[in-house]
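Notes follow once the structure below has been shown.
The values are calculated or read from the model by the stated rules, or taken from the named source; none is laboratory data. Fair warning: this is a prediction, and the values are worked out from it, not measured in the lab. Here the Cβ positions follow ideal geometry from the backbone for every residue, glycine too, while neighbour counts run over all protein chains shown.
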Amino acid sequence: MELYQKTIHDIAAHLKAKKLSSVELTKATLAHLKAVEPKVQSFITVTEETALAQAAEADKKIASGTNVTPLTGIPLGIKDLLCTKGVQTTCASKMLEGFKPPYNATVVERLNAAGAVMVGKTNMDEFAMGSSTETSYYKKTKNPWNLSCVPGGSSGGSASCVSADQAFGSLGSDTGGSIRQPASLCGIVGLKPTYGRVSRYGLIAFASSLDQIGPMTKDVEDCALMMNVISGHDEKDSTSADVAVPDYAVEMKKSIKGLKIGIPKEFFPKELNPEVSEAVKKAIEQLKSLGAEVHEISLPHSPYSLAAYYVLAPSEASSNLARYDGVRYGLRVSGENIVEMYSKTRAAGFGPEVKRRIMLGTYALSSGYYDAYYLKALKVRRLIKQDYDKAFEKVDVIVTPTVPNPAFKFGEKTDNPLTMYLEDIFTISINIAGVPALSLPCGISKTDLPIGLQIIGKPFDEAALLKTAYAYEQSTDWHKRKPSLKES
Amino acid sequence: MAFEDYEPIIGLEVHCELKTATKLFCGCPTTFGNEANTQVCPVCLGLPGTLPVMNGKAVEFAVKIGHALNCTIASYSKMDRKNYYYPDLPKAYQVSQYDKPLNYGGHLDIVTKEGTKRIGVTRAHLEEDAGKLVHAGGKSGRLDSSDYSLADYNRGGIPLVEIVSEPDIRSSEEAHAYLTALKSILLYIAVSDCNMEEGSLRCDANVSIRKKGTEKFGTRTEIKNMNSFKFVKQAIEYEIKRQAVVLDKGERVVQESRLWDVTENKTKSMRSKEEAHDYRYFPEPDLVPIILDPAYVQKLKVELPELPSAKRARFVTEFGLTPYDAGVLTSEQELGQWFEAGAKFTKNPKGFANWMMGDMAAQMKEQEKELTDLKFDQKKLAELVELVDAGTINSKQAKEVFLELFNEGASPVEVVKSKGMAQVSDPKAIEDAVDKVLAENPAVVADYKGGKQGVIGFLVGKVMQASQGKANPKMVNEMIKKKLDS
């Protein structure tokens, strides 16, 4: 096995034992990154110089033995909607081409403090709006398992770079499924924390009440290690929760004997892709054999999740994206007067999906429609959350497929936006309820594409997700499979 | 239909900048007047990815305003986004309060010639200020004649409380009285500098008129850009007349925003670009609701200093001042405090107050001195009051002594002693002086006896002259009358 194919916890042991330096590791990783990048296209910006400088710093820490963490010296990818001081942050949009934030997102600060190394900013759907990374202004990222398929979205680049071993882990963001769906399509682990578990300061906002940042990794242990670093209260984010962070790496190894697993009937429709259905059901059986109890539950309002989400998210987005007006930073297209400058700048700067959602959101919030749409969606939100609250009185975790199908081909869902939106049908209610959820691989399709298992937990109970996932993962070998980087 | 047949309906919206050390959602300072864009950070610039953090002091100041205006303080309130595009608004939304304001249902009492009137305060809510635009390159500094505009975000994010009155105001005088009373209250509770020139106090007026005796409100216009209370009064007066003329012609008043033009002394329609007034308000998702502990709210109420109206009432009952006197002395908090401290040293607080409002105020104005610049303290002024009340000096002499007191800080008792100014009040000496003057002015005496009572002033003057102003004028007057009437 090549160095860059290892997991964080494996390679960290090598670094700690001084079998190799972070600079050596980073160089090797960057070399591989560049070698496969023409095929995969995971990165908008590769930060080679920064990475090597950070690696040198990490080596100093390791040498002196001070401030060494499990992430010290480890090369990681960062989704391009997280602000990185002095490094281009584009949100995969023309609107922010060349924009260099004067500050770091809190999660980036925490990774830096832990001694991590940033190899680059990863590609995504523009302003996080999409499920295939096809709406990026800059490039299309390919799924390492089949280069003619999408990696999923919006954290497509973050998923593909981990899957293709271009980085040992990455940070993505998830508003309706944008970590979990690409993780499922690329055969890796992705976790969306409880709303408020991880600081949103420096996360360029899409939908403020739904967005969360989370790790995307090769296995569950790596995910726990990253969660340990990024989680916790941030005074700069008024919506971040002041709740203690357990040691997820310790919690992950606890037994799941007697763990109660809920299977919601609404997530297993008759029409569900049979390969997905089979893989997930097998995984549930596996969990049973590991000592878990399975109960059938119902989340009766989940059929309304998509509709509620497509009112709430675009509404908040229409407001969050209004600041891109060409006045202070980013793209500016001049006009005869200010209104012309605004409209020309925004017409040129935003892609069609972003425009579509801004218009939807503006409409839903407008006078005369607010009550019928936004307010109504907020009420539906409460009902969906209540479904989860009730279910979690009976069970500890809920298990579902992550997505209805494995990776699809480029252009397959771009003609009709609604078909794209349906990708999120199993992931979206989780964001609405604010609960945490994780996706990990549980099978491979006949066409050699990964199938994902979603585990949903109680608020601030990421520990239960991680231990359930770990127990399952360690009893299978899906996490050891590597993509072919071929096209078919 | 004449102007007098209409009744004006006026409501005032006052924006008050809170003098917290830092902005509403970030740690930038709120100082006025520094170089452009030197008091900014990623948060108040609305850079991508930034988030607001509520300034607790601003909430405290806002609650104090609510208490001072007799409002109900909401135990649950929230911030909302008011969305619109303008270059002075970095996020393209202002974080304000829409349907659940912090304070509501209050009132403010004003005093005019007609007496006391209660003006309702609909609400007083918390919001952030926008930056400032400077329109440059043209002749007038106005948007429509400029080549380009410069944006300064130093002011952006400063906490504001917007105080909205009920449309209870019925004249420009009442409007002026409302603003004066409101400013006084805000200064007393020390939440704002209330400086209209610096923009820490701003006022917009909503004006409409209706036929006297009818109930339905007319169409209202919003008047902006009035940066002094005087201009507010003038602008309202102009607008009332303008609307009356429009209605008299049989035309309709257009609902619009109008600017007060100080050079032409008229309100002018703001030739507005199509300004969509749909702000698409929705609850601010980046902030948690404001839930106040009743004990905290009560503590702030109890800690509030004595407000102007209460102080005025107390000055009347405790010190026997007239309501007018009390009003003058409480117009500034420091003045009232100075008076009250001084009243301890005198048996005649009314007399003390008269000196403050008369000679002292005049000298302070002429010499441009503040209370803190005075060379004397209340004790010395009280001495002067005592000297007059005891009859030691007369009022004309007292004015002389006052000038020494004001200019040199000299003790009145010392001045009278060293200048030998003690009034002559010996009845024999007075009688002698009077006899002399009456003897020297037979014609005048004849006039008096003939019915011309007014000439007594001349005779008193003569006696005062002869005594180098030292004679007790009251006694002189009485003596002359006694001599002539007998």
* Asked: Before we move on, is B:P48 within 11 Å of chain A (Cβ to nearest Cβ), in a loop (DSSP other than H, G, I, E, B), out of contact with any strand residue (DSSP E or B) (no Cβ under 8 Å at 6 or more places or on another chain) and free of Cβ contacts under 8 Å to residues at least 12 places away in the same chain?
  -> yes
* **B:Y279 in the same structural domain as B:E7 (by TED's automatic domain parsing), crowded, with 16+ Cβ neighbours inside 10 Å, closer than 30 Å to A:G202 by Cα and of a type in the set (S, T, Y)** => yes
* Structure fact -> A:A28 meets each of (1) more than 14 Å from chain B (Cβ to nearest Cβ); (2) out of contact with any strand residue (DSSP E or B) (no Cβ under 8 Å at 6 or more places or on another chain); (3) buried (at least 18 other Cβ atoms within 10 Å of the Cβ) with one exception, condition (3)
* Determine, yes or no, whether B:Y93 is at pLDDT 95 or above and within 14 Å of chain A (Cβ to nearest Cβ). => yes
* To do: Considering every residue within the stretch B:288-307, establish whether at least one is in contact with a strand residue (DSSP E or B) (Cβ under 7 Å, 6 or more places away or on another chain), assigned to a helix (DSSP H, G or I) and closer than 29 Å to B:I65 by Cβ.
  => yes
* Structure fact -> Residue pairs qualifying under the 7 Å Cβ cut-off, at least six apart or on distinct chains, with the first in the stretch B:284-306 being more than 14 Å from chain A (Cβ to nearest Cβ) and of a type in the set (A, V, I, L, M, F, W, C) and the second being in a helix (DSSP H, G or I) and surrounded by 14 or more Cβ atoms within 10 Å (Cβ to Cβ), are B:V297/B:V63; B:L300/B:E60; B:L300/B:V63; B:L300/B:K64; B:L300/B:H67; B:L304/B:K64; B:L304/B:H67; B:L304/B:A68
* Asked: Within the group B:K268, B:K241, B:K350, which residue is among the basic types (K, R), within 30 Å of B:Y6 (Cβ to Cβ) and in a helix (DSSP H, G or I)?
  -> B:K241
* Asked: Of the residues A:R328, A:R332, which is part of a loop (DSSP other than H, G, I, E, B), at pLDDT 95 or above, surrounded by fewer than 21 Cβ atoms within 10 Å (Cβ to Cβ) and facing chain B (nearest Cβ under 10 Å)?
  -> A:R328
* To do: Can you confirm whether the stretch A:351-370 contains a residue that is over 30 Å from A:K270 (Cα atoms), more than 14 Å from every other protein chain (Cβ to nearest Cβ), under 25 Å from the mean Cα position of the chain (by Cα) and outside any helix (DSSP H, G or I)?
  => yes
* Within the stretch A:52-103, how many residues are within 14 Å of chain B (Cβ to nearest Cβ) and either within 24 Å of A:D247 (Cβ to Cβ) or buried (at least 18 other Cβ atoms within 10 Å of the Cβ) (or both)? -> 18
* Out of the stretch A:211-255, which residues are among the hydrophobic types (A, V, I, L, M, F, W, C), in a helix (DSSP H, G or I) and touching a residue at least 12 places away in the same chain (Cβ under 8 Å)? -> A:V220, A:C223, A:A224, A:L225, A:M226, A:M227, A:V229, A:I230, A:A249
* To do: Report, by residue number, each residue of the stretch B:438-454 that is free of Cβ contacts under 8 Å to residues at least 40 places away in the same chain and either under 27 Å from B:D389 (Cβ atoms) or buried (at least 19 other Cβ atoms within 10 Å of the Cβ) (or both).
  => B:Y448
* Restricting attention to the stretch B:381-402, does a residue exist that is of a type outside the set (A, V, I, L, M, F, W, C) and over 26 Å from B:M464 (Cα atoms)? -> no
* Asked: Being in a helix (DSSP H, G or I), closer than 18 Å to B:F345 by Cα and either over 32 Å from the mean Cα position of the chain (by Cα) or touching a residue at least 12 places away in the same chain (Cβ under 8 Å) (or both), is that true of even one residue in the stretch B:413-423?
  -> yes
* To do: Hey, can you tell me all the residues within the stretch B:411-433 that are in contact with a strand residue (DSSP E or B) (Cβ under 9 Å, 6 or more places away or on another chain) and among the β-branched types (V, I, T)?
  => B:V424, B:I430
* To do: Go through B:A313, B:A235, B:A295, B:A244 for me and flag whichever is not assigned by TED's automatic domain parsing to the domain that holds B:E7 and not basic (K, R).
  => B:A313
* To do: Within the stretch B:462-472, identify whether any single residue is of a type in the set (G, A, S), buried (at least 17 other Cβ atoms within 10 Å of the Cβ), closer than 30 Å to B:T346 by Cβ and free of Cβ contacts under 8 Å to residues at least 40 places away in the same chain, and answer yes or no.
  => no
* When only residues in the stretch A:291-325 that are acidic (D, E) and more than 14 Å from chain B (Cβ to nearest Cβ) count, which is surrounded by the fewest Cβ atoms within 10 Å (Cβ to Cβ)? -> A:E296
* Looking at (1) in contact with a Phe, Trp or Tyr (Cβ under 7 Å, 6 or more places away or on another chain); (2) surrounded by 15 or more Cβ atoms within 10 Å (Cβ to Cβ), can you tell me which one B:V401 breaks? -> (1)
* Structure fact -> Filtering the stretch B:308-356 down to residues that are farther than 22 Å from B:I189 by Cβ, among the small types (G, A, S) and surrounded by 14 or more Cβ atoms within 10 Å (Cβ to Cβ) yields B:G342, B:A343, B:G351, B:A353
* Residue check: is B:S208 without any contact (Cβ under 8 Å) to a residue 12 or more places away in the chain and out of contact with any Leu (no Cβ under 9 Å at 6 or more places or on another chain)? -> no
* Asked: Quick check, is A:F392 farther than 26 Å from A:F267 by Cβ and either buried (at least 22 other Cβ atoms within 10 Å of the Cβ) or away from every other protein chain (no Cβ under 14 Å) (or both)?
  -> no
* Asked: Can you tell me which residue in the stretch A:201-229 is nearest to A:K480 (Cα to Cα), limited to those that are among the hydrophobic types (A, V, I, L, M, F, W, C) and away from every other protein chain (no Cβ under 14 Å)?
  -> A:V220
* State yes or no: is A:Y342 crowded, with 16+ Cβ neighbours inside 10 Å, without any contact (Cβ under 8 Å) to a residue 60 or more places away in the chain and either among the basic types (K, R) or under 30 Å from B:L133 (Cα atoms) (or both)? => yes
* To do: Please state which one of B:V53, B:V59 is outside any loop (DSSP other than H, G, I, E, B), in the same structural domain as B:K23 (by TED's automatic domain parsing), at pLDDT 95 or above and of a type in the set (A, V, I, L, M).
  => B:V59
* Taking B:V297 as meeting all but one of (1) surrounded by fewer than 13 Cβ atoms within 10 Å (Cβ to Cβ); (2) at pLDDT 95 or above; (3) touching a helix residue (DSSP H, G or I) at 6+ places or on another chain (Cβ under 8 Å), write down the number of the exception. => (1)
